[in-house]
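Engineer: Encoded as structure tokens, here's the structure I'll be asking about.
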Amino acid sequence: MRLSASGIHVVRGGRLVVSGVNLEAPEGSVVGLVGPNGSGKSSLLRALYRSMKPRSGIVKVDEVNVWDDLSPRSAARIIGVVGQEHSSDFSFSVREVVATGRTPHHSAFSRLGEIDRDIVSAALARTGMHGFGSRLFAELSGGEKQRVMLARAIAQQPSVLVLDEPTNHLDIRAQLELMELVAELGTTTIVAIHELALAAAYCDYVCLLSGGVVVATGPTAEVLTEDLLSEVFGVQVHLGTHPLTGRPLLSFAPPLLHTKEAVS
């Protein structure tokens, strides 16, 4: 399914943090939300997955209005979410955590059936966590926990997946493995991400935000340019090609002014 948002304004604490944002995520694409800290990425995501109602604007999955036409439970069947923070104190096994992804498909007191258990097993296998089902979630590493949370979202069988800074606090290998998983799912995905190099390597489209407004949006190669990133982030930027993967490779240096001052 395709996700679209138009004219999104979000207010937090009496302050306008997202202003007039338009966003398109074609079916099956990975769309990256990038921008400096405080640019409105997380607030925009919350408006998309029905967590924070925008002051104005429309969010649609295909032709369904997410805020006007869906209940929270119905929205959870369509949009799967992996948030920034998750409790490390889950006293549940990995399988039990992933099984909560089936909750939107059942009434409050119904039990999971054989089909649900098969879906959970498939989600664990898809994320490389099948052998961890009986492990306690709280005992896992950061990368393993993110895989479990992704498996839980996959178990929802959503049409759209929303990820909020999924690679935060992960080491390099875990970051790459997680983004490889996301790219291979084939699910329409919107991901807020700090690591511009990962966005360049794995996103089909990018929406660049600054101060709550869209600076540029479109195919990744058209948005993540040296000049535009230098302007928005205030650093020197070099765009090349990764010698191992052939994907775009971004590298950064301090602002030129600071570099000159350091040399003198």
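Engineer: Of all residues being over 23 Å from the mean Cα position of the chain (by Cα) and among the hydrophobic types (A, V, I, L, M, F, W, C) in the range 217-238, which is nearest to Gly38 (Cα to Cα)? Just the residue, please.
Structural biologist: Only one residue fits best here, namely Val235.
Engineer: Does at least one position in the range 63-71 carry a residue that is in a strand (DSSP E or B), surrounded by 15 or more Cβ atoms within 10 Å (Cβ to Cβ) and either free of Cβ contacts under 8 Å to residues at least 40 places away in the same chain or not assigned by TED's automatic domain parsing to the domain that holds Leu181 (or both)?
Structural biologist: Within the range 63-71, one or more residues are in a strand (DSSP E or B), surrounded by 15 or more Cβ atoms within 10 Å (Cβ to Cβ) and either free of Cβ contacts under 8 Å to residues at least 40 places away in the same chain or not assigned by TED's automatic domain parsing to the domain that holds Leu181 (or both).
Engineer: Let me ask something else about it. In this structure, is Ala75 out of contact with any strand residue (DSSP E or B) (no Cβ under 8 Å at 6 or more places or on another chain), part of a helix (DSSP H, G or I) and crowded, with 21+ Cβ neighbours inside 10 Å?
Structural biologist: Answer is yes for this residue.
Here is a yes/no grid of residues against (1) surrounded by 12 or more Cβ atoms within 10 Å (Cβ to Cβ); (2) at pLDDT below 95:
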{"residue": "Asn168", "(1), (2)": "yes, yes"}
{"residue": "Ala197", "(1), (2)": "yes, yes"}
{"residue": "Gly212", "(1), (2)": "yes, no"}
{"residue": "Phe233", "(1), (2)": "yes, no"}
{"residue": "Ser251", "(1), (2)": "no, yes"}
{"residue": "Lys260", "(1), (2)": "no, yes"}
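Engineer: Still on this structure, I have one more. From the list Val31, Val18, Val81, exactly one residue is in contact with a Cys (Cβ under 9 Å, 6 or more places away or on another chain), among the hydrophobic types (A, V, I, L, M, F, W, C) and either in the same structural domain as Ala200 (by TED's automatic domain parsing) or part of a helix (DSSP H, G or I) (or both). Which is it?
Structural biologist: One residue alone meets the criteria, Val31.
Engineer: Can you spot a residue in the range 111-134 that is in contact with a His (Cβ under 6 Å, 6 or more places away or on another chain) and surrounded by 13 or more Cβ atoms within 10 Å (Cβ to Cβ)?
Structural biologist: Yes, because at least one residue in the range 111-134 is in contact with a His (Cβ under 6 Å, 6 or more places away or on another chain) and surrounded by 13 or more Cβ atoms within 10 Å (Cβ to Cβ).
The values are calculated or read from the model by the stated rules, or taken from the named source; none is laboratory data. Computed from a predicted model, the values in this text were never measured in an experiment. Here the Cβ is made from the backbone with ideal geometry for all residues, glycine too, and neighbour counts use every protein chain on show.
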